[in-house]
1. In the range A:4-78, how does Rg compare with the Kirkwood Rh, expressed as the Rg/Rh ratio over alpha carbon atoms?
2. Taking every residue in B:67-78, how many Cβ atoms of other protein chains lie within 10 Å of its Cβ, on average?
3. Give me the percent of accessible area attributable to carbon and sulfur for the range A:4-78, probe 1.4 angstrom.
4. Please give me the summed charge of the neighbours of residue B:103: other residues whose Cβ is under 15 Å from its Cβ, Lys and Arg +1, Asp and Glu -1.
5. Just to be sure I understand the interface: list residues from the range A:57-71 that lose 50 Å² or more of accessible area between the chain on its own and the complete protein assembly, 1.4 Å probe.
6. Remind me, relative contact order of chain A in percent, using alpha carbon pairs under 8 angstrom and six or more residues apart?
7. Under the rule of -39500 (n - 2.57) per DSSP H run of 4 or more residues, summed and divided by the residues of chain B, what mean residue ellipticity at 222 nm is obtained, to the nearest 500 deg cm²/dmol?
8. With a probe of 1.4 Å, find how much accessible area the range B:51-126 has per residue, and write the answer as a whole number in Å².
Amino acid sequence: MRDRLTLNWLILIALVAVTAALSTQDGRIAAAALLVLAWAKARAILGGFLHLDRAPGWLAAFVVPLGLWMGLVWALAAVR
Amino acid sequence: MDLEDLPGELIMWILIGSEILVFAAGITAMSAMRLTDPTGFADAQAMLDGRMAALNTVVLVTSGLFAARAERAAAGGDRRGARRGLMLAALGGAVFLAVKGVEYAHDLSAGIGIDAHPFFTFYFLLTGFHAAHVAAGVVLLATVAIRTTPDAVQAGAMFWHMVDLVWVLILPPIYLLG
């Protein structure tokens, strides 16, 4: 697809659809998968809509801390 | 990695980073609080309607596409296209708020108030604070649509993507991780 913005939107919609399909599942693996999907959506917004794909290093500066934070959220959910 | 590499105004990135930190702090506090009453939090969370949250995610990411197109149009000198994109993005924000209003009305009619359970305190504070950002964004996008300079449109679109970004981050802990 030539339009990168539309492609990015389609990726986001696909991620939302997979999230909705997974949302009925319980357990630690499902929780991890839901957080990975949220991270992927955040990456798509930061990279595709906020144009960090074109800013060397800055995309990682946002998505790596977000990934670590999501790991913390998962751990807090998993220890219950 | 230089500051000059960042697209748009630096102040917008400071705002985006600050907002992510604020909402992340709220979600982390909620997740820690959940440890004190996991069953109560799970029961409270099960009362929410995740379908409306999913619908609102589709609405918000679609309005994000319109904001991004407005930014591209403004950069290319297409002020009419920019105005159309901004107004469609703002319309998406209005739809988001309407769906959120319906969801809150259902919650309240089911006896779910901000003090019904600590989970609902976090739920109303975090989603309410986010909805306030959506409302501010709708006003911002409509205001920028009046004067569609490339810099103004870019700043408005960046604010809107931040609102979108925060929503996808807070959604799983609030609605899905039971």
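The values are calculated or read from the model by the stated rules, or taken from the named source; none is laboratory data. All values derive from a computational prediction rather than experimental measurement. With ideal geometry, Cβ positions are generated from the backbone for all residues, glycine too; neighbour counts draw on all protein chains shown. Side chains included, ligands, DNA and RNA excluded: accessible areas come from the protein's heavy atoms. Shrake-Rupley method; radii C 1.70, N 1.55, O 1.52, S 1.80 Å.
1. Details: Rg = 13.3 Å, Rh = 13.1 Å.
That ratio is 1.02, to two decimals.
2. What the average comes to for B:67-78 is 2.
3. Numbers: 2500 of 3470 Å².
After summing per-atom areas, the C and S share lands at 72 percent.
4. Values: positive: B:51, B:100; negative: B:49, B:107.
Net charge in that neighbourhood comes out at 0.
5. Buried on complex formation: A:58, A:62, A:69.
6. 31 percent
7. Only helices count here, giving -28000 deg cm²/dmol.
8. Roughly 45 Å² per residue, with all protein chains present.
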